[in-house]
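Single-structure report; data block below.
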Amino acid sequence: LIPLVLAALGSSQGAASAAEVTAFQFGFSSNMLASVNHSDARAAIKVWAQVVARERDISADPDPRILSGVKEISDGLKAQALDAIALTTVEFRELSRESRFSNLFLAVQGGRTNVEHLLLVHRDGPIQDLAGLQGRKLSCYENPRTSLALIWLDTVLRQQALPLATTFFGQVARTPKLSAAVLPVFFRQSDACLVDRLGFDTMCELNPQVGKQLKVVAVSPAFVPMLFCMRPDYTPAIKGRIIDALAQLHTSPAGQQVFTVLQFEKIQTAGISCLDSALEVLAQHDQLTASTGLTNVQRSGGIPQLFGGANP
């Protein structure tokens, strides 16, 4: 993501040397790229870098670092090999036990930085409430934006004195495709699905029958599922301009291309309080799973790979 910064900085960096700018090191958790092809993401960033080099006469290494799991990210931060990182809120919370961060940015999708999760069943089926799903099949949509979905669902189950999801349901099927989570419930091949509201609303716009045939059994609070942040000891003279640049990435055609690949509209600055609801549900989940000896992360799918392995 170095060229993202460079593209926006080009007209304002003035006396800043190319060496100063290229010293900025940005990394991605592999979980942030779980829903996109890594090669496509790298290719888009390289094209951006080439455009910037040609138009701004700036030389930079266009390859972001892609790190698998909390340990790799932590090691990179401790060694100051990373100045900023894009990661899920689950990973942020795990890292915040030993690391501190500053200058938070949130990804915007559908005009929102937060996500609501929906548990849906067929309107004409026999299931009327959450308890009625015991032993049934659940289809989960897995995406960086839904990284808190099963964690939240566990807390709802325990509030009703029911087992955690992996025990409560007879089968939990995970899929990176929204349609593969929703349509089996529509066609009564699965009993319930766990999806995000934005994705479901989009499906209903394309096929209104989906919205008519499925009903909500439970809905989550709004959670921030992922973020970008800097390490607080990154304090070069150009930091302020880098922060301004990150907030303006979406205003250039090259930046829009990269965000299209990453499935964001833009990123915007935010305060730490935006994470309150997500951190609260993670803390609740820690308490629920303490007796098992597993952390909230391990119970819900796991660090280092939340979504079952890196994309090619």
Relative packing of 271-282, 224-235, which averages over residues the other C-beta atoms within 10 Å, highest first = 224-235, 271-282
Estimated FRET transfer efficiency when R0 is 51 angstrom, pair Asp244-Arg188 (beta carbons, to 0.05) = 0.45
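Of the heavy-atom accessible surface of segment 73-112 (probe 1.4 angstrom), what whole percent is carbon and sulfur?
Answer for segment 73-112 is 41 percent, counting heavy atoms of protein chains only.
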For segment 92-221, max minus min Cα coordinate along each principal axis, in Å, sorted largest first?
-> 49, 36, 21
How far apart, in nm, are two points set 7 Å out from the Cα along the Cα-to-Cβ line at Leu198 and at Arg65?
-> 2.8
Under a plain spin-label model, where a point goes 7 Å from the Cα along Cα-to-Cβ, how far apart in nm are Ala173 and Val261?
-> 3.3
Sorted by chain and then number, the residues having a modelled amide H within less than 5 Å of the amide H of Glu142, at least 5 places away or on another chain, are Thr175, Lys177
Treating each Cα of segment 187-242 as an identical point scatterer and ignoring solvent, apply the Debye formula and state log10 I(q)/I(0) at q = 0.20 Å⁻¹.
-> -0.86
Using a 1.4 Å probe on the protein chains only, how many percent of the accessible area of segment 143-207 belongs to carbon and sulfur?
-> 51
Order the peptides 69-79, 206-216 from the highest to the lowest mean number of other Cβ atoms within 10 Å of their residues.
-> 69-79, 206-216
Within segment 176-207, report the chymotrypsin sites (Phe, Trp or Tyr not before Pro) that DSSP leaves as loop and that have at most 12 other Cβ atoms within 10 Å.
-> Phe187
How high is the FRET efficiency from Ala131 to Ser273, r the C-beta distance, R0 30 Å, rounded to 0.05?
-> 0.30
With charges only on Cβ, +1 for K and R and -1 for D and E, what is the dipole size of segment 85-170 about its Cα centre, in debye, rounded to 20?
-> 60
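The values are calculated or read from the model by the stated rules, or taken from the named source; none is laboratory data. What you see is a predicted model, and the numbers here were worked out from it, not measured in a lab. Positions of Cβ are generated from backbone atoms using ideal geometry, with glycine treated the same way; all protein chains shown enter the neighbour counts. With ligands, DNA and RNA removed, areas are computed over all heavy atoms of the protein, side chains included. Shrake-Rupley method; radii C 1.70, N 1.55, O 1.52, S 1.80 Å.
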